[in-house]
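Here is the structure we will look at.
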Amino acid sequence: MSSFQLVPYQPEHRDDYLRLLRRVWGEEAMSGAELDWWFQGNPAGSLMSVASMGGRVVGVAAHSLCRMVLRGSECLVSFSVHAATDPSARGRGIFTALERRHEEEAAARGVACALSFASPSTASVFLSRLGWTEIGRLRVWARPVLRSGAQAASQALDVDGDAAASWPNHVVRDARYLRWRYLDSPRGYLALRSPGGYAVVWPAKRHRRRRIAVLCDLVAPIGEVPDLLRRAAQVANARVLFALPGPGERGAFLSCGFVPTPLTLHLVGKELAEPLDTDLAAWRLTLGDTDFF
């Protein structure tokens, strides 16, 4: 069995990284512009590595770092993202080796814990070989869009401090993070404002051979949520708008035509520098907290 080598990602690996993502994930793989924005632009930093075998890149993986509030204190967390193994090199433990490398690097930086939204193909690797813990599954909601694609200009996200400061465990949403995550993105996100909050919509995204719209983020007083949801549906350029409502928002989502779907996000994590909170109710996440929405 041929051995492989792990090396840190370098600019000369960019084309190989993109090629492998496209080979494994098809049209849903990130573009070159998305790769540059997501990894090079991330204000909190990124960990990236490739696996080579016989002079050829056969595996890629990364961790995106972000600032989160966990148990009331701000800390650094890493998300395992954008991994792929060439079909010709599967079964050799490449993903496991890449993941272990990034966990060690993250721990050396004092990262509190690692998180991932596991796919069916990676869940068993995380939970068995790598010793991760299942936190739970988050139910995705959706509503049909009858008249879609209304024109609107994206608005500024010049929030004061952490817009989600009242949430339990969550990604810190300050102006710098929101500017990078949504306004600087090549994906075409659309930001909508209300007097006390905001929503971010991805009007059209390719997903499993169809086009969908995604409510990526929503932070607002509960009284402003229904209007933001209606406006989000108006600018959606697809037949269905998906979202991940918070526990206190479900009534507002129901009133605006959203219903639970069979789709879930499988949240798993691993303790690094600090204990991992395994209570699903202690986490508040949105679809925009993933790398694929």
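Give me the residue from the range 70-90 that is part of a strand (DSSP E or B) and of a type in the set (S, T, N, Q) and, out of that set, most open to solvent (accessible area, probe 1.4 Å). Taking the candidates together, the pick is 73. Screening residue 22 against (1) farther than 22 Å from residue 122 by Cα; (2) open to solvent by 60 Å² or more (accessible area, probe 1.4 Å); (3) within 21 Å of the chain's Cα centre (by Cα) leaves a single unmet condition, (1). Among the residues of the range 46-57, the one identified as free of Cβ contacts under 8 Å to residues at least 24 places away in the same chain and within 29 Å of residue 178 (Cα to Cα) is 46. Do we find that residue 31 is open to solvent by less than 30 Å² (accessible area, probe 1.4 Å), among the hydroxyl-bearing types (Ser, Thr, Tyr) and touching a residue at least 12 places away in the same chain (Cβ under 8 Å) in this structure? Criteria not met by residue 31.
Inspect all residues belonging to the range 255-267 and state whether any of them is surrounded by 15 or more Cβ atoms within 10 Å (Cβ to Cβ) and β-branched (Val, Ile, Thr). No, the range 255-267 contains no residue that is surrounded by 15 or more Cβ atoms within 10 Å (Cβ to Cβ) and β-branched (Val, Ile, Thr). The residues of the range 165-194 that are among the small types (Gly, Ala, Ser) and under 17 Å from the mean Cα position of the chain (by Cα), listed by number, are 185, 188. Look at the range 238-256: where a residue is within 18 Å of residue 147 (Cα to Cα) and a partner is part of a helix (DSSP H, G or I) and among the hydrophobic types (A, V, I, L, M, F, W, C), sitting 6+ places away or on another chain with Cβ atoms under 6 Å, you get 241/233; 256/229.
Rundown of residues vs (1) open to solvent by 40 Å² or more (accessible area, probe 1.4 Å); (2) closer than 23 Å to residue 290 by Cβ; (3) not in a loop (DSSP other than H, G, I, E, B), yes/no style:
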{"residue": "154", "(1), (2), (3)": "yes, yes, no"}
{"residue": "159", "(1), (2), (3)": "no, yes, no"}
{"residue": "179", "(1), (2), (3)": "yes, yes, yes"}
{"residue": "192", "(1), (2), (3)": "no, yes, yes"}
{"residue": "215", "(1), (2), (3)": "no, yes, yes"}
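Does residue 172 count as touching a Leu at 6+ places or on another chain (Cβ under 8 Å), under 30 Å from residue 106 (Cβ atoms) and hydrophobic (A, V, I, L, M, F, W, C)? No: the conditions fail for residue 172. Contact annotation: residue pairs with Cβ atoms under 8 Å, 6 or more positions apart or on different chains, pairing a residue in the range 76-94 that is within 25 Å of residue 275 (Cα to Cα) with a partner that is among the basic types (Lys, Arg) and part of a strand (DSSP E or B), are 76/67; 77/67. For the range 13-54, enumerate the residues that are farther than 15 Å from residue 292 by Cβ, at pLDDT 95 or above, outside any helix (DSSP H, G or I) and small (Gly, Ala, Ser). Selection gives 41, 44, 45, 46, 49, 51, 52.
The residue that is surrounded by the fewest Cβ atoms within 10 Å (Cβ to Cβ), counting only those in the range 113-131 that are under 18 Å from the mean Cα position of the chain (by Cα) and not in a strand (DSSP E or B), is 120. Could you tell me whether any residue of the range 236-249 is polar (S, T, N, Q), open to solvent by 20 Å² or more (accessible area, probe 1.4 Å) and in contact with a Ser or Thr (Cβ under 8 Å, 6 or more places away or on another chain)? Checked the range 236-249: at least one residue is polar (S, T, N, Q), open to solvent by 20 Å² or more (accessible area, probe 1.4 Å) and in contact with a Ser or Thr (Cβ under 8 Å, 6 or more places away or on another chain).
For beta carbons closer than 7 Å, sequence separation of 6+ or different chains, a first residue in the range 173-188 that is polar (S, T, N, Q) and a second that is at pLDDT 95 or above, the qualifying pairs are 185/37.
The values are calculated or read from the model by the stated rules, or taken from the named source; none is laboratory data. Here the structure is a predicted model, which is why all the values come from computation and not from measurement. We place every Cβ from the backbone using ideal geometry, glycine too, and count neighbours over all the protein chains shown. SASA here: full protein model, heavy atoms, side chains in, ligands and nucleic acids out. Shrake-Rupley method; radii C 1.70, N 1.55, O 1.52, S 1.80 Å.
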